[in-house]
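Below: the structure, in C-alpha cells.
The values are calculated or read from the model by the stated rules, or taken from the named source; none is laboratory data. Please read these numbers as outputs of a predicted model, since none were measured by experiment. Glycine gets a Cβ as well: all are built from the backbone with ideal geometry, and neighbour counts include every protein chain shown.
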Amino acid sequence: MSTNSPPSSSHHLGTTPLPRWTWIPATAALAFLTVPLIGIALRLPWPAVPHLLTSDESIDALRVSLLACLTATGLCLLLGLPAALVLARAHGRWVAPARVLISLPMVLPPVVAGLALLTTLGRRGILGTTLTAFGIDIAFTTIAVIVAQTFVAMPFLITSVEGALRAAGHAHEDVAATLGASPTTVLFRVTIPRMTPAIASGTALAFARCLGEFGATLTFAGSLQGVTRTLPLQIYLQRESDTDTALALALVVIVIAVLVVGAAGALTRHHTRRQPT
C-alpha cells in the first residue's frame, strides 16, 4: 500500500499546523468571551449564595424558567425536527423563502418578536380574539412564556439540523429504501441515528436560547412572579436594587447553560468515536 495516499478518516484532520500568528487573535477571542464570565464569579459573595438563591422570588423564577425551557425545547424538537427534514429534502421555489422566514426570529430584536406574538395571540390579536371568545387567553400567562421561547429558539434547531442533513446527503437512506425499508423505518433507523450530533447540538442551542430569552417574554408574557417572571427577568429587576442576588442568579443561568452545552458536546464526541474509521 502506498504511503503517499491521502488520509481517509476524519481522525486525521487537523494535523496540518496553523500559522503561529493565528494563536494571538484566537487567544484574544477566548479571553474576550470568558473574562466577563469570570468577573461574575470574582464579584459574587459566595458565602451568601445559598441564602440569595433560596428566596421566594429566586425559587419562583427558577421554577418558571425550567418549566418553560423544558417545555419549549420539547416543542422545538417536536415541530422543528420534521421541519428540518422537509427543508433538507424539499425542492421548489418555496424552499428559499421558507428558509428566510424560519431564520427571521434569529435576527429580529426580541422585543419585535414579542410584539409580533402579542398582535397575533393577544386578546385583541388576529387570532387572539377568536381564542378569547372560547375562553382561551395566552398573553401574560405561563403558556405565553413557552410560546415566546419556542418562537425565538426553534430556528436554531431547524438551521442546525437542516445544514447537517444537507451536508451528509441521503445515500444511506436511499440504500435502506432499496432494501425495502419504509420511509418511517428509514427515518428512525437511519436518518435520526446519523444526525444525533446535529440534533443534540441544535437542541442544546434551542434550550440555551430559551433560558436566556428576555425581550419577547417581557413583551408578550409580562413579568408576574411565579407565573411569567423567568430568571433573566428576575436578574434584570434585581440588577440595581440587589446586585448580589442578580449575580447569584446569573451564575445559575451560566451553570445550567454550561451543563446543557457540555452534555451536547460530550454526546457528539461519543457518537464520533463510535463511527467506523
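The table below gives the values:
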{"quantity": "Residue within the stretch 165-177 that is in contact (Cβ under 8 Å) with a residue 40 or more places away in the chain and under 29 Å from F220 (Cβ atoms) present", "calculated": "no"}
{"quantity": "Number of positions in the stretch 219-250 that are more than 30 Å from E162 (Cβ to Cβ), surrounded by 19 or more Cβ atoms within 10 Å (Cβ to Cβ) and of a type outside the set (G, A, S)", "calculated": "9"}
{"quantity": "Count of residues meeting criterion [in contact (Cβ under 8 Å) with a residue 12 or more places away in the chain and either within 14 Å of A148 (Cβ to Cβ) or outside any helix (DSSP H, G or I) (or both)] in the stretch 94-105", "calculated": "1"}
{"quantity": "Any hit, the stretch 127-135, residues being touching a Phe, Trp or Tyr at 6+ places or on another chain (Cβ under 8 Å) and either touching a residue at least 24 places away in the same chain (Cβ under 8 Å) or over 30 Å from T272 (Cβ atoms) (or both)", "calculated": "no"}
{"quantity": "Qualifying helices (runs of 4 or more DSSP H) (wholly inside the stretch 175-277; at least 2 residues being within 30 Å of T119 (Cβ to Cβ))", "calculated": "196-212, 215-221, 231-241"}
{"quantity": "Conditions (1) touching a Gly at 6+ places or on another chain (Cβ under 8 Å); (2) of a type in the set (S, T, N, Q); (3) exposed (fewer than 15 other Cβ atoms within 10 Å of the Cβ): number failed by T129", "calculated": "(1)"}
{"quantity": "From the options V186, V107, residue that is of a type in the set (V, I, T), over 23 Å from the mean Cα position of the chain (by Cα) and at pLDDT below 95", "calculated": "V186"}
{"quantity": "Unique match (being closer than 19 Å to L224 by Cβ, surrounded by fewer than 18 Cβ atoms within 10 Å (Cβ to Cβ), modelled with pLDDT of 95 or more and of a type outside the set (A, V, I, L, M)) among T141, T120", "calculated": "T141"}
{"quantity": "Residues of the stretch 109-124 classified as in a loop (DSSP other than H, G, I, E, B) and free of Cβ contacts under 8 Å to residues at least 12 places away in the same chain, total", "calculated": "1"}
{"quantity": "Filtered residue count, the stretch 215-269, keeping only those that are under 19 Å from the mean Cα position of the chain (by Cα) and of a type in the set (S, T, Y)", "calculated": "3"}
{"quantity": "Among (1) over 30 Å from I192 (Cβ atoms); (2) in a helix (DSSP H, G or I); (3) touching a helix residue (DSSP H, G or I) at 6+ places or on another chain (Cβ under 6 Å); (4) not aromatic (F, W, Y), the one test that I138 misses", "calculated": "(2)"}
{"quantity": "Which numbered condition A84 misses (of (1) small (G, A, S); (2) within 22 Å of the chain's Cα centre (by Cα); (3) not in a helix (DSSP H, G or I))", "calculated": "(3)"}
{"quantity": "Every residue from the stretch 233-277 that is closer than 21 Å to T54 by Cβ and either β-branched (V, I, T) or in contact with a Gly (Cβ under 6 Å, 6 or more places away or on another chain) (or both)", "calculated": "I235, T243, T245, V252, V253, I254, V255, I256"}
